[in-house]
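Have a look at the structure below, then the notes.
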Amino acid sequence: MVKEITCNQTRVVTTHRVMSADLNEHETMFGGKLLAMVDAEASLAAVRLARGTVVTASMDHVQFTRPFVLGDAAELQAFVTGIGKRSIEVFAKVIVEEMATGKRTLGFSCFMTYVAIDEAANFTDYRLIGEDDEQAFLMETYQNRREHRRTERENLAAVNAHVNLDKLFFVHIIKK
């Protein structure tokens with residue numbers, strides 16, 4: 001039996017006010033802070049589909065398109081856009097809202113891939129349903145992104161085979 005689930009059933013929406021503790025030396029939101037926020041919140045969309053434990057496998061197509069500054073609202077929206085046998089793709093976007101004007105612009109977007117680690121997890125009988133143009137487009141282009149990730153994994157495996165894991169020793173020479 002096919003289990004149908006809509007993108008909106010997995011949707012996560014959360015808002016974060018940019019505070020001084022979030023800022024870097026450029027007085028904009030620190031990218032690492034934003035990435036951590038996106039990973040934590042977007043994982044909830046995957047869990048809404050899996051109803052079990054998921055782990056982050058990848059974050060790709062990362063785009064920082066506008067800086068977030070002190071006092072802005074960062075509204076994160078995330079929802080499932082693709083399903084593999086045990087993997088779940090989640091699209092995440094963060095909209096910047098200038099609180100003084102109400103102007104809203106896209107500040108960040110990415111795709112996250114989560115993998116269900118529960119032994120019984122198997123999503124082959126799931127059917128994802130998009131409910132608007134954004135969701136339909138992202139679902140239609142899912143297989144292209146999935147193939148791109150497979151190719152990237154192969155390329156990274158070749159790189160990783162050449163990564164040096166030796167411990168480095170540094171010698172400090174004191175001149176008299």
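The values are calculated or read from the model by the stated rules, or taken from the named source; none is laboratory data. This one's a predicted model, so the numbers in the text were calculated from it and none came from an experiment. For neighbour counting, all protein chains shown are included, and Cβ atoms are generated from backbone atoms with ideal geometry for every residue, glycine included. Areas reflect the complete protein model, heavy atoms only, side chains present, ligands, DNA and RNA absent. Shrake-Rupley method; radii C 1.70, N 1.55, O 1.52, S 1.80 Å.
Quick notes
- Within segment 33-49, the residues that satisfy the criterion of being of a type in the set (A, V, I, L, M, F, W, C) and either farther than 10 Å from Val80 by Cβ or open to solvent by 10 Å² or more (accessible area, probe 1.4 Å) (or both) are Leu34, Leu35, Ala36, Met37, Val38, Ala40, Leu44, Val47.
- Residue, most open to solvent (accessible area, probe 1.4 Å), within segment 50-61, restricted to residues that are hydroxyl-bearing (Ser, Thr, Tyr) and within 25 Å of Thr151 (Cβ to Cβ): Thr56
- Filtered residue count, segment 81-102, keeping only those that are in a loop (DSSP other than H, G, I, E, B) and charged (D, E, K, R): 3
- Selection of segment 103-140 for residues being of a type in the set (Ser, Thr, Tyr) and either open to solvent by 90 Å² or more (accessible area, probe 1.4 Å) or outside any strand (DSSP E or B) (or both) yields only Thr124.
- For Leu23, the requirement of being open to solvent by less than 50 Å² (accessible area, probe 1.4 Å), more than 19 Å from Ala136 (Cβ to Cβ), in contact (Cβ under 8 Å) with a residue 12 or more places away in the chain and out of contact with any Asp or Glu (no Cβ under 9 Å at 6 or more places or on another chain) is met.
- Residue match in segment 102-109 (condition: more than 18 Å from Ala42 (Cα to Cα) and within 19 Å of the chain's Cα centre (by Cα)): yes
- Taken together, His172, His162 contain a single residue that is at pLDDT 90 or above, more than 21 Å from Ala46 (Cα to Cα), open to solvent by 60 Å² or more (accessible area, probe 1.4 Å) and assigned to a loop (DSSP other than H, G, I, E, B), which is His162.
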